[in-house]
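What follows is a single structure, and I will ask about it in a moment.
The values are calculated or read from the model by the stated rules, or taken from the named source; none is laboratory data. Quick caveat, the model's predicted, so the values are computed rather than measured. Every residue, glycine among them, receives a Cβ derived from its backbone with ideal geometry; neighbour counts consider all protein chains shown.
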Ligand SMILES: Nc1ncnc2c1ncn2[C@@H]1O[C@H](COP(=O)(O)OP(=O)(O)OP(=O)(O)O)[C@@H](O)[C@H]1O
Ligand SMILES: [Mg+2]
């Protein structure tokens, strides 16, 4: 029997929760801006970019079970594409609405390019090959300044057009009916919009024929084949989808920073995004979002508090805040993985999985 | 159903070796539409290898497979499923961390079309297809009698239920030929009897069955014809009553037991 009253109550509760979350997300930049200032607002904007990245990588690692260690390359592709198409470097100034889809498409193609030679590989072998791929892209970005200067080498590309829609640029305060919306706030809303779009696409995909095929491949590739799944195409699709999210995030990053250089796309960044996915809860969209937010914000909290806290306790700074930050960060990772091996907010699937293997 | 008795699968001189091991030697056999065809033989005779060649997991070193009048493409498992060959595995291969229901829904993959755009937009066609997938999966859960386990993870099902789920998943691909690799292994008497009824029902619903099985009673009671493999070669093919008394078959089994 269906308890309609309970269902109605649940729906009302869900609606209320959603509305509450909506208000919180809408007010977040004002609250954080007022409480903590522009530095933290900037970090909030970055958290949204990393959430997009983590959601993209989650499709490859969390859903399809393909351990990709070079994911940041797609972020780099998206970022450089924006930089090349909207900066004085080539004198091109494409509009955002044209660059972002192009970035998604090109990054998606790179995803297929990376995926194709790795189709037969799994686990650690796949990790090593993708790691190499990520580094190759970075090295190309570093060296494609001669004989023809495409990427401007290690100096990177600066003076990139800020994200703008017609004459409205997000780099300057935007005047809305006499009310002035600061730049960091405007970027926040744009990033939030795109992140929500990515969440929507991910949820739709997860609960579809495609999403089930991804999980089936992760669970047992041979059985998936026997069920008639063209594992090659479905895996390439996972690489392409994940990469295209990375490409979008990369484009936003370039417009936001107005500067890109190869060092933003190092192996460490790939590892970081992978940590977000694993620590948050592989395969669970909300866990991954949580992981993305926490791992962007926590290291910054450590960075900003390591000095002052030492000052307060010992009267002087004993350990370099930068070193201490990574130490604490590593410690936090270890603790989470020890006590919550399936991640902070695992999918029900994985929670049962870990319960089962522990029993 | 129409076409009962016509040839569905024709294997011609299938050979397969692994290094020096000749797992299959010129195996030829024909399976007719609507029959239950048994494939038996001592351990290591090459039965599973034959299944793997048939379903595209292995590429035979020689020979040809004709299915439903057309050649089967080698080493393309998803195409074999597309053509209408479904299978289960000797060591059950379910999607352990998906529910029983989801396992069967994956089986519908090959008969459905939704792509990325459809999945994201969830248009009327996609919604209808998704609903049909669910309906069919529910039907199959009932068909193999595990409807009460629909939302349990496959890995948490009992052994017998896992075997049934694997059959349901295979049936979800709308096969013409269902290949079962030792479905009764590890089952007790009652479970085996239930399985016999299930397999008979599947055949009566128009699906041809190819059955590898060590349980002689089950094979003899169920199969219309039986082929015997020994050291990769077919040594006999006939109705169960004849096969049972064939001296080569007795020799193969006894020889295996003594060695
Ligand atoms: N992938 C493989 N690599 C190497 N040898 C293999 C492979 N698959 C099967 N073989 C060998 O081929 C022979 C036939 O094996 P197969 O699994 O087909 O036997 P079977 O008849 O299914 O036996 P059982 O009743 O034990 O399941 C065996 O000698 C086996 O060791
Ligand atoms: Mg076998």
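Residues B:19, B:41: which one is free of Cβ contacts under 8 Å to residues at least 24 places away in the same chain and within 16 Å of ligand 1 (Cβ to nearest atom)?
Going through B:19, B:41 in turn, just one is free of Cβ contacts under 8 Å to residues at least 24 places away in the same chain and within 16 Å of ligand 1 (Cβ to nearest atom): B:19.
Another question, then. Against the definition (within 15 Å of ligand 1 (Cβ to nearest atom), touching a strand residue (DSSP E or B) at 6+ places or on another chain (Cβ under 6 Å) and away from chain A (no Cβ under 14 Å)), how does residue B:63 come out, yes or no?
no
Just to be sure, is residue B:235 surrounded by fewer than 18 Cβ atoms within 10 Å (Cβ to Cβ) and away from ligand 2 (no atom under 16 Å from the Cβ)?
When the stated conditions are applied, residue B:235 passes them.
So which residues in segment B:163-177 are surrounded by 21 or more Cβ atoms within 10 Å (Cβ to Cβ) and under 28 Å from residue A:205 (Cβ atoms), if there are any at all?
Within segment B:163-177, B:165, B:166, B:168, B:169, B:170, B:171, B:172, B:173, B:175 qualify.
A quick yes/no check of all residues on (1) in contact with a helix residue (DSSP H, G or I) (Cβ under 8 Å, 6 or more places away or on another chain); (2) over 17 Å from residue B:97 (Cβ atoms); (3) at pLDDT below 85; (4) more than 14 Å from chain B (Cβ to nearest Cβ):
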| position | (1), (2), (3), (4) |
| --- | --- |
| A:290 | yes, yes, no, yes |
| A:295 | yes, yes, no, yes |
| A:311 | no, yes, yes, yes |
| A:317 | yes, yes, yes, yes |
| A:334 | no, yes, no, yes |
| A:347 | yes, no, yes, no |
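A further question follows. Assuming residue A:280 fulfils every condition listed in (1) away from chain B (no Cβ under 14 Å); (2) crowded, with 21+ Cβ neighbours inside 10 Å; (3) modelled with pLDDT of 95 or more apart from one, which condition is it?
Result: residue A:280 fails condition (3) only.
Among the candidates B:174, B:181, single out the residue that is at pLDDT 95 or above, touching a helix residue (DSSP H, G or I) at 6+ places or on another chain (Cβ under 7 Å), within 16 Å of ligand 2 (Cβ to nearest atom) and within 14 Å of chain A (Cβ to nearest Cβ).
When all the criteria are applied, what remains is B:181.
Scan segment B:44-60 residue by residue and report those that are near ligand 1 (Cβ under 9 Å from one of its atoms), in a loop (DSSP other than H, G, I, E, B) and away from chain A (no Cβ under 14 Å).
Across segment B:44-60, the qualifying residues are B:44, B:45, B:46.
Could you say whether any residue in segment A:222-244 is modelled with pLDDT of 95 or more, more than 14 Å from chain B (Cβ to nearest Cβ) and out of contact with any helix residue (DSSP H, G or I) (no Cβ under 6 Å at 6 or more places or on another chain)?
No.
Answer yes or no: is there a residue in segment B:22-41 that is touching a strand residue (DSSP E or B) at 6+ places or on another chain (Cβ under 8 Å), within 16 Å of ligand 2 (Cβ to nearest atom) and outside any strand (DSSP E or B).
Yes, segment B:22-41 contains a residue that is touching a strand residue (DSSP E or B) at 6+ places or on another chain (Cβ under 8 Å), within 16 Å of ligand 2 (Cβ to nearest atom) and outside any strand (DSSP E or B).
Output the residues belonging to segment B:61-86 that are under 17 Å from residue B:210 (Cα atoms) and in a strand (DSSP E or B).
B:65, B:66, B:67, B:85, B:86, listed by residue number.
Just the residues that are in contact with a helix residue (DSSP H, G or I) (Cβ under 9 Å, 6 or more places away or on another chain) and either within 13 Å of ligand 2 (Cβ to nearest atom) or closer than 22 Å to residue A:231 by Cα (or both), please, taken from segment B:53-74.
Listed by number, the residues that qualify are B:54, B:55, B:56, B:57, B:58, B:59, B:60, B:72, B:73, B:74.
Which members of segment B:132-162 meet the condition of being surrounded by 21 or more Cβ atoms within 10 Å (Cβ to Cβ) and away from chain A (no Cβ under 14 Å)?
B:141, B:144, B:146
I've got another one for you. Could you list, in sequence order, the residues of segment B:87-119 that are facing another protein chain (nearest Cβ under 7 Å) and part of a strand (DSSP E or B)?
The one that is facing another protein chain (nearest Cβ under 7 Å) and part of a strand (DSSP E or B): B:87.
Let's see how each residue does on (1) surrounded by fewer than 24 Cβ atoms within 10 Å (Cβ to Cβ); (2) under 19 Å from the mean Cα position of the chain (by Cα):
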site	(1), (2)
A:62	no, yes
A:65	yes, yes
A:77	no, yes
A:85	yes, no
A:90	yes, no
A:103	no, yes
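For the structure I just gave you, tell me whether residue A:213 is in contact (Cβ under 8 Å) with a residue 12 or more places away in the chain and at positive phi.
no
Residues of segment B:196-217 being modelled with pLDDT under 95 and out of contact with any helix residue (DSSP H, G or I) (no Cβ under 6 Å at 6 or more places or on another chain), which ones?
Listed by number, the residues that qualify are B:214, B:215, B:216, B:217.
Now a separate question. Can you name the residue in segment A:157-198 that is surrounded by fewer than 17 Cβ atoms within 10 Å (Cβ to Cβ) and within 14 Å of another protein chain (Cβ to nearest Cβ) and, of all such residues, is farthest from residue A:39 (Cα to Cα)?
Filtering segment A:157-198 for residues that are surrounded by fewer than 17 Cβ atoms within 10 Å (Cβ to Cβ) and within 14 Å of another protein chain (Cβ to nearest Cβ), the one farthest from residue A:39 (Cα to Cα) comes out as A:197.
Also, quick follow-up: Output yes when any residue across segment B:188-206 is surrounded by 22 or more Cβ atoms within 10 Å (Cβ to Cβ), more than 16 Å from ligand 2 (Cβ to nearest atom) and either free of Cβ contacts under 8 Å to residues at least 12 places away in the same chain or assigned to a strand (DSSP E or B) (or both), and no when none is.
No, there is no match, as no residue in segment B:188-206 is surrounded by 22 or more Cβ atoms within 10 Å (Cβ to Cβ), more than 16 Å from ligand 2 (Cβ to nearest atom) and either free of Cβ contacts under 8 Å to residues at least 12 places away in the same chain or assigned to a strand (DSSP E or B) (or both).
Please specify each residue of segment A:199-210 satisfying the condition of being more than 7 Å from chain B (Cβ to nearest Cβ) and surrounded by fewer than 20 Cβ atoms within 10 Å (Cβ to Cβ).
A:199, A:200, A:203, A:207 - these are the residues of segment A:199-210 that are more than 7 Å from chain B (Cβ to nearest Cβ) and surrounded by fewer than 20 Cβ atoms within 10 Å (Cβ to Cβ).
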